[in-house]
Amino acid sequence: MTKDTLTETPGLAQTGQPGRFPHLARDLSASLVVFLVAVPLSLGIALASGAPLMAGLIAAIVGGIVVGMIGGAPLQVSGPAAGLTVIVLGYVQQFGWGVTCAITVGAGLLQIALGAMGVAPVALGMSPAVIHGMLAAIGILIAMSQLHVVLGHEPTGKGLKTLFSLPEHAAQLDPAATLIGGLTIAVLVAWPHLPWARLKAFPGALAAILAATTVSLLFGMEVPRVQLGGDLLSSLRLPELPAGNLAAILGAIVALCFVASAESLLCAVATDKLHTGPRANLHKELVGQGVGNTLSGLLGGLPITGVIVRSTANITAGGKTRLSAILHGVWVLLFVALLPGVLTLVPLAALAGLLVHTGFRLVNTKHIRDLQHHGELGVYGVTVLAIVCTNLLMGLAIGFGVALLRLLWKLTHVDVHAEERDNRWTVWVDGTLTFAGVPKLITRLSAIPPGAHVTIDLNLRFLDHAGLEALTSWRSTYERLGGTVQLDHLEEVWERGRGHRGMREAVPAESPA
């Protein structure tokens, strides 16, 4: 057994306790909680994706049972995710639902190949500002589009068009639908703040849907409700092979694979922080996600990723092994097969209200504060605006471009600050001193009058040969004119960046203080 951090301790029962399923009671209880969370969210995500509502439930079943069995993150729960709704909606509108299923199959096969090649950890090297910006933009787009449904209308256009058409629909709102959607949002917002701990343990999403559905039935409201379009078996469908425009299809497969893989692997890492059990094997998880997406696409389901909301609910409810994720998929399957009529009572406005709340929660204020602390808020903001104003892929490209420009600036930027006291100068040089920063450094040093004592404090991440030559050359020239120069930390900075090779020869001896 390897000790690598990416390796999971296999098996359900390796917990030091006897029996094949030593945590059966806890896993069973957790699976029921996740099931209650998954059903309304799966329906809502299918609604926002422009897909058949049963497609969300099919994806939840496959994500729970299949990915739960073979995935590499034991306590992660997979299924349809809000983070994919925008990209799936675009594919449905461009290619149709049947071809979108084929794209899901292609993305799944690509995930399997990438997982087998061992490239999964590469996903962890992406800029957090771009990833969080992508999720926030998707959340904003979801909320804007589903606000139309809450008002009793269909979403109009994409991106900013959806936003600009909201006032018109607000002026012509459907009172019943708006009441149901508003009630759903109100319950979701209030639920975490209830004073009764036992009541808060019940999933807020399900409580909101139950409350809205009950009110709509008690008052006989005439509002659009869930239409499953037949039972589970009749909803299964093979994907349609694309005709023409092969380049666009291949691009869609790569894009879906990229976004779904990044979301799943980042979710797996986040889930690991919530428990002390076996760590995630990211390679195995990516293969598991690929198998899940391949089967979900073949059966007519939505794309699948690891879902942090369900994974958190699983761990919080006491889930200890992968059995809880598997059982949650079994409960969804049994519910859809035996009680589909119950779902047809749910108003679409209630699902839309659930998605509005989910969308706004994707704009995570904690992430924003962290990014501001690290100076990456600009990249985040550009990514959000670019995705909302253009589309997901173009926005991601712009976000990554800005992140790379920021990195380049950080790698070449140097700050030079000088102060004088009693004819003794102190110069602070911070950042990265390369050939690009030499003109700025020499310009500032040249302003120091001759004959003074100068201390140059080097607080550098990196110093290249051009920077070293500039410092030592200026020191030699300044000392010939009667001044003295002390270079603090020069040897330390150079050794850290270049090693010990030729240090004594490269840096001339410093003048005494």
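The values are calculated or read from the model by the stated rules, or taken from the named source; none is laboratory data. Treat the numbers as computed from the prediction; the structure is a model and nothing was measured. Because the Cβ atoms are built from the backbone with ideal geometry, glycine has one as well, and the counts that use them run over all protein chains shown. Heads up: the accessible areas ignore ligands, DNA and RNA and are worked out on the full protein's heavy atoms, side chains in. Shrake-Rupley method; radii C 1.70, N 1.55, O 1.52, S 1.80 Å.
Round to a whole angstrom and tell me the spacing of the C-alpha centers of the stretch 153-173 and the stretch 228-272. About 28 Å separates the Cα centre of the stretch 153-173 from the one of the stretch 228-272. Exposed loop sites, defined as trypsin sites (Lys or Arg not before Pro) outside DSSP H, G, I, E and B with at most 11 other Cβ atoms within 10 Å, are absent from the longest region of the chain, namely 21-272.
Is the C-alpha gyration tensor of the stretch 163-318 telling us rounded, prolate or oblate? Criteria: a/c under 1.5 is rounded; beyond that, a/b larger than b/c is prolate, otherwise oblate.
oblate
Report summary: the helix-based calculation at 222 nm, which adds -39500 (n - 2.57) for every DSSP H run with n ≥ 4 and divides by the residues of the chain, gives -19000 deg cm²/dmol.
Near the amide H of R225, within less than 5 Å, lie the amide hydrogens of L348, all on another chain or at least 5 residues away, with H placed in the peptide plane. DSSP bridge analysis restricted to the chain gives an antiparallel fraction near 40%, rounded to the nearest 5. The alpha carbon centroids of the stretch 430-486 and the stretch 321-345 are separated by 70 Å.
Taking each of K284/K410; K366/K410; K200/K320 in turn, the alpha-carbon distance tops 30 angstrom for K284/K410.
With a 1.4 Å probe and every protein chain left in place, work out the accessible area per residue of the chain in Å², rounded to a whole number.
46 Å²
Our summary gives the chain a relative contact order of 25 percent, counting only alpha carbon pairs under 8 angstrom and 6 or more residues apart.
Were the residues from L408 through A25 laid out at 0.36 nm apart, the gain over their Cα-Cα distance would be 132.6 nm. Counting 0.36 nm for each residue step from A190 to K161 and taking away their Cα separation leaves a gain of 7.4 nm.
Shape class of the stretch 382-438 from the Cα gyration tensor (axes a ≥ b ≥ c, square roots of the eigenvalues): prolate, since a/c reaches 1.5 or more and a/b is larger than b/c.
Remark: the Cα gyration tensor places the stretch 101-143 in the oblate category, a/c being 1.5 or greater and a/b not exceeding b/c. Here semi-axes √(5λ) of the Cα gyration tensor in Å was calculated from the structure, and among (1) 54, 27, 22; (2) 41, 30, 21; (3) 50, 29, 24 it sits at label (1). Leaving ligands, DNA and RNA out of it, report the carbon-plus-sulfur percent of the accessible area of the stretch 178-227 at a 1.4 Å probe. Solvent-exposed carbon and sulfur of the stretch 178-227 make up 71 percent of the total. Residue by residue, the stretch 293-301 carries 3J(HN,Hα) couplings of 5, 4, 5, 4, x, 5, 8, x, x Hz when phi is fed to the Karplus relation 6.51 cos²θ - 1.76 cosθ + 1.60 (θ = phi - 60°); x denotes Gly or Pro. For the stretch 271-404, the extents of the C-alpha atoms along the principal axes are 51, 40, 30 Å, listed from largest to smallest.
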